[in-house]
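The values are calculated or read from the model by the stated rules, or taken from the named source; none is laboratory data. No experiment lies behind these values; they were computed from the predicted model shown. Cβ coordinates were reconstructed from backbone atoms using ideal geometry, including for glycine residues, and neighbour counts include every protein chain displayed. With ligands, DNA and RNA removed, areas are computed over all heavy atoms of the protein, side chains included. Shrake-Rupley method; radii C 1.70, N 1.55, O 1.52, S 1.80 Å.
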Amino acid sequence: MPPVAAAAPFSARLRSIVSGSIGNLVEWYDWYVYSAFALYFAPAFFPAGNQTAQLLNTAAIFAVGFLMRPLGGWLLGVYADRHGRKAALLLSVLLMCGGSLLIALTPGYAQIGVAAPVLLVLARLLQGLSVGGEYGTSATYLSEMAGARHRGFFSSFQYVTLLAGQLLALLVQLALQALLTPAELASWGWRVPFVLGAAAAVSALYLRRNMAETTDFVQQEATPDAKLSKLALLLRHPREILTVVGLTLGGTLAFYTFTTYAQKFLVNTAGFSKAQATLVSFGALAVALGLQPLMGAVSDRVGRRPVLLFFGVGATLGTVPLLTALGRAGSVGAAFGLLVLALCIVSGYTSINAVVKAELFPTEIRALGVGLPYALTVAVFGGTAEYAALLAKQQGVESLYYWYVTACAAISLLVYWRMPDTQATSRMTADA
């Protein structure tokens, strides 16, 4: 298929954006299904212990997967800037397929002993490598494929599909909870979603084979900088790198707190059943999914910076009262309302963070510039969110975690306040 330019007909651009987004959905389903089913497979991979201790083990491996994300952001970012966005997106989905299949087929601790958690770590390393490369490349692809007039709207679909991946993981969980007994889920049912994820990754591979390459990448191949060291080129932009780190820090921690960790928080702290926690998380994420394109469209009209400031102020002032109230929620309805409010605030970051980062860098290092500093920041703060929260709870100082999230959000707020609006200073193609 020939390259699709940013000025091409809307239908042509939309087909490529949809193909890229569906692949992104599958990637994030495979990533999040681990967290969604950790409550069920933790006893299978680790020796007997109390629930919090087993969840700490799975959360530690969740964090280990994040440690591979900077490596994935670097390797696949360089690959995408050197060989094309499409080629890197195909490679990332292959890695994710392998990781999901390995989790699905690995025997439990009772059968193979310590080899079980070792193989689980290996699978998460593959998935971390995949997701680390997926973010920067897909953010770059969607931003370059969209025209300048609607770039915020179209780029928001990265988090639409990211949240849809989480929702799909929870939907599969709800279905299995309805169809299987708790004993069946703990014994073998938790393997089903990983098998489904590996199969879906094969389908995503087919869709991505038919995607077009972006015009921005095709045009930059003829520039003098195209063949230079990508890392050396990236280091020419220290301010942009630090901006990515600063704007990501608070956003990623708040996002993982109110999405992947929220389900465990509702069970472990608020006292809801696993089924109730899944239902609340599913409903709140569904609302958040619908907010992404809305906030992205708002940023196309008012600029990126006001939307980021909305998140920064809301997260700084609202995290402690929201988590405190959520921990004391006396009903499913109250928990749902509080979680929706939190995710409304977080949407000020999630909806446009990808396009803001893409607009900071020139074409020849865009995928690497978006992916590497983002992945490093997420590995340190997002990937350790669950572990830090559970550790604080285990030590009897759970509220300290609330203030930790608040402090990180405040740092990001300062970055948003000082940074220019990337919509006005973008280095990307300005075609409508």
Report task. Identify all residues within segment 166-198 that are closer than 30 Å to Ala146 by Cβ and either open to solvent by 50 Å² or more (accessible area, probe 1.4 Å) or basic (Lys, Arg) (or both); write none if there are none. Result -> Leu168, Leu171
Query raised in the report: Residues in segment 271-294: is at least one open to solvent by less than 40 Å² (accessible area, probe 1.4 Å), touching a residue at least 60 places away in the same chain (Cβ under 8 Å), outside any helix (DSSP H, G or I) and over 19 Å from Cys408 (Cα atoms)?
Result: yes
Requested in this report: Would you check if there is a residue in segment 62-75 being in a loop (DSSP other than H, G, I, E, B) and not aromatic (Phe, Trp, Tyr)?
Outcome: yes
Query raised in the report: Within segment 290-297, is even one residue over 20 Å from the mean Cα position of the chain (by Cα) and within 30 Å of Ala139 (Cα to Cα)?
Result: yes
Query raised in the report: When Pro193 is evaluated against the numbered criteria (1) in a helix (DSSP H, G or I); (2) modelled with pLDDT under 75, which criterion, by number, is the only one it fails?
Result: (2)
Query raised in the report: Which residue, of Val160, Val131, Val172, is more than 17 Å from the chain's Cα centre (by Cα) and not in a loop (DSSP other than H, G, I, E, B)?
Result: Val172
**Report entry** The lone exception for Lys86 - which of (1) at pLDDT below 85; (2) closer than 24 Å to Tyr387 by Cβ; (3) of a type outside the set (A, V, I, L, M, F, W, C) it fails
**Finding:** (2)
Report task. Would you be able to tell me the number of residues in segment 308-322 that are open to solvent by less than 10 Å² (accessible area, probe 1.4 Å) and either over 17 Å from Thr252 (Cβ atoms) or aliphatic (A, V, I, L, M) (or both)? Result -> 2
Query raised in the report: Which is buried (at least 19 other Cβ atoms within 10 Å of the Cβ), out of contact with any Lys or Arg (no Cβ under 7 Å at 6 or more places or on another chain) and not acidic (Asp, Glu), of Ala358, Ala388, Ala379?
Result: Ala388
Query - Test: residue in segment 240-258 that is closer than 21 Å to Leu176 by Cβ, of a type outside the set (A, V, I, L, M) and open to solvent by less than 30 Å² (accessible area, probe 1.4 Å) - result: no
Report task. Within segment 98-110, track down each residue that is open to solvent by less than 30 Å² (accessible area, probe 1.4 Å) and at pLDDT 85 or above. Result -> Gly99, Ser100, Ile103, Ala104, Thr106
Query raised in the report: What pairs come up if the first residue lies in segment 176-191 and is aromatic (Phe, Trp, Tyr), the second is in a loop (DSSP other than H, G, I, E, B) and open to solvent by less than 70 Å² (accessible area, probe 1.4 Å), and their beta carbons are under 9 Å apart, counting only those six or more places apart or on different chains?
Result: Trp188/Leu180; Trp190/Phe37
